[in-house]
Amino acid sequence: MDRGKLFAKLILTLLNLLHGPHPGLCQNLPVDMMHLGNMHSDPHHDDFMPTMMPKFISRGNLYKVTTGDMVTLPCRVQNLGTFVLLWRRGSSVLTAGPLMITRDSRFKLVDTYDLQINGVKTQDAGDYICQIGDQETRDQVHTLEILVPPSVRAVPQNGQVTARKGSTVTLECKASGNPVPSIYWYKKDPLAGATHLSDSSTLILEQVERQHAGVYQCAADNGVREPVSADVQLTVLSPPEITVEKSWVHASEGYDVELACTVHGDTGSEMNWFQNSFLLDPTDRRTMHTLGEQHTMLIRNFQTTDFGNYSCVADNALGRTKKYIEVSGRPGPATFLSPAYTGQLDIYNLTWKIESIPPLDEVRLLYRKLLMNDTYQHPGKWNDVVMVPTTTRSEPNHFIMSFLITGLEKNSVYEAIIQAKNRYGWNEISDIHQFYTRNSEEADDADFIMSSISLAAGCIDWGGYGVRLLLPMAAVLHRQWIITE
């Protein structure tokens, strides 16, 4: 018998000696102790045993309780008689009969012999034994498991991690609780919300870039009360990274021009503006402004000497970065507005937009057919069309033009490019625009639509080229028909 049971037996013996109504000690001994001396000498000692032995009517159970809560462990006995109930935990006796043995005020007896524990703590976990002081020394065992809400902390505790661009970063959180919490990593974004990244105590980021910088959150959850979280701020050290809104800016004398550069990452970078490699300082016509990562330079009353190549240069301890912006009076490159599919067998209405503050002096269109089959693609000969540009502007600094290309082959692929000139010179040739003619087996409704557009909008004959240039209204109607179809 272990020490706890021996001690419990001693307590029960003492209590049973004092329990009866008569002063004589022998008269107050329980049956099992009164006859200890003659049990072996009297063959009929069983006749002295009580006819109804005590028995448990409650059952041992597992109780899961959250720290700080209260729990009641039942101990219900039938036919207890003069026997004493005792609560113990290991070798420690907590109660004996109605007496509280433990000095812990959180423990008390309720409903006669149920053991109540208030404000449970993690150290209260274990087996609690309700014992009957009869010769059987029968026990009823309750097991108490303490559930602990999750707690989490970042490593390091200040939640600040700094790494160089291109390195591998390990973000870590330590969590505790019972049951053991699960950990989830998220990347926080004030606009897009949190993005789930991992289900582990560590998050490994390889080849970190500027875009990896930000706030990461590790959340711990074990189903006990609410999940908890900790934030880690990752800073990525790198040479400055610059982006420009426009690498080519159109300008003209007398207008105001604004250039913009965005310096990403290190807010301690030093930013300077240059024109043709010469450092620029503020003047009465030139001002520089900084708002967060955005750096702008405003040039008022633009002059001929202001044309040229500008650069924004950012320096920090890890390096220097430079981005160029060309400021020119030449037209901007043409932007095509026409859909790729013409809906016609042998004609195509090409529409484009060109940025230019001065009027356009000349526009040049080149188009050709692509010879294609399953194994190769070969371009045909360029068709060159020179046009007198329109003077009608769609916006203050933009012209929109349309040109109807005729004599095309059905079910074919073509490509076109545009170049324009103003008093400052020719612009860069546009990107290639591909378009397609219809197959003859398709519906012929397009012929009727295009003839109606031509009658309504009118046409312009461009001399010896034998082609018609529809007005912008016709081009817009044509595009709407194709999209609707």
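The values are calculated or read from the model by the stated rules, or taken from the named source; none is laboratory data. Here the structure is a predicted model, which is why all the values come from computation and not from measurement. Backbone-built Cβ (ideal geometry, glycine too); neighbour counts: all protein chains shown. What goes into the accessible areas is simple: the full protein's heavy atoms, side chains included, and nothing from ligands, DNA or RNA. Shrake-Rupley method; radii C 1.70, N 1.55, O 1.52, S 1.80 Å.
Just one of the numbered conditions (1) open to solvent by 90 Å² or more (accessible area, probe 1.4 Å); (2) over 26 Å from Gln211 (Cβ atoms) is not true of Arg286: (1). Among the residues of the stretch 150-179, those that are outside any loop (DSSP other than H, G, I, E, B), among the β-branched types (Val, Ile, Thr) and open to solvent by 40 Å² or more (accessible area, probe 1.4 Å) comprise Val155, Thr162, Thr170.
The set of residues from the stretch 252-283 being part of a strand (DSSP E or B), within 27 Å of Gly332 (Cβ to Cβ) and open to solvent by 50 Å² or more (accessible area, probe 1.4 Å) comprises Glu258, Phe278.
When the stretch 180-201 is limited to residues that are hydroxyl-bearing (Ser, Thr, Tyr) and modelled with pLDDT under 95, the one that is least open to solvent (accessible area, probe 1.4 Å) turns out to be Ser198. Restricted to the stretch 51-87, and to residues there that are outside any strand (DSSP E or B) and among the β-branched types (Val, Ile, Thr), the residue that is nearest to Cys130 (Cα to Cα) is Val84. Set side by side, the residues Asp47, Asp42 differ, and just one is assigned to a loop (DSSP other than H, G, I, E, B) and at pLDDT below 90, which is Asp42. Restricting the stretch 297-342 to residues that are within 20 Å of Ile357 (Cα to Cα), touching a Gly at 6+ places or on another chain (Cβ under 9 Å) and among the polar types (S, T, N, Q) leaves a set whose member that is least open to solvent (accessible area, probe 1.4 Å) is Ser328.
Looking only at the stretch 388-402, decide whether some residue is assigned to a strand (DSSP E or B), among the small types (Gly, Ala, Ser), modelled with pLDDT of 95 or more and more than 24 Å from Ser252 (Cα to Cα). Checking the stretch 388-402: not a single residue is assigned to a strand (DSSP E or B), among the small types (Gly, Ala, Ser), modelled with pLDDT of 95 or more and more than 24 Å from Ser252 (Cα to Cα). Residue pairs whose Cβ atoms lie under 8 Å apart, separated by 6 or more positions or on different chains, with the first residue in the stretch 180-204 and more than 25 Å from Val224 (Cβ to Cβ) and the second β-branched (Val, Ile, Thr), are Lys187/Thr195; Lys187/Val215; Asp189/Thr195; Ile204/Thr168; Ile204/Val169; Ile204/Thr170. Among the residues of the stretch 202-216, those that are surrounded by fewer than 17 Cβ atoms within 10 Å (Cβ to Cβ), assigned to a loop (DSSP other than H, G, I, E, B) and touching a strand residue (DSSP E or B) at 6+ places or on another chain (Cβ under 9 Å) comprise Glu206, Glu209. Filter the stretch 115-142 for residues that are open to solvent by 20 Å² or more (accessible area, probe 1.4 Å), under 22 Å from Ser176 (Cβ atoms) and either assigned to a strand (DSSP E or B) or in contact (Cβ under 8 Å) with a residue 40 or more places away in the chain (or both) and give the result. The answer is Gly119, Lys121, Thr122, Gly126. Restricting the stretch 349-383 to residues that are closer than 17 Å to Ile418 by Cβ, assigned to a strand (DSSP E or B) and of a type in the set (A, V, I, L, M), the residue that is most open to solvent (accessible area, probe 1.4 Å) is Leu366.
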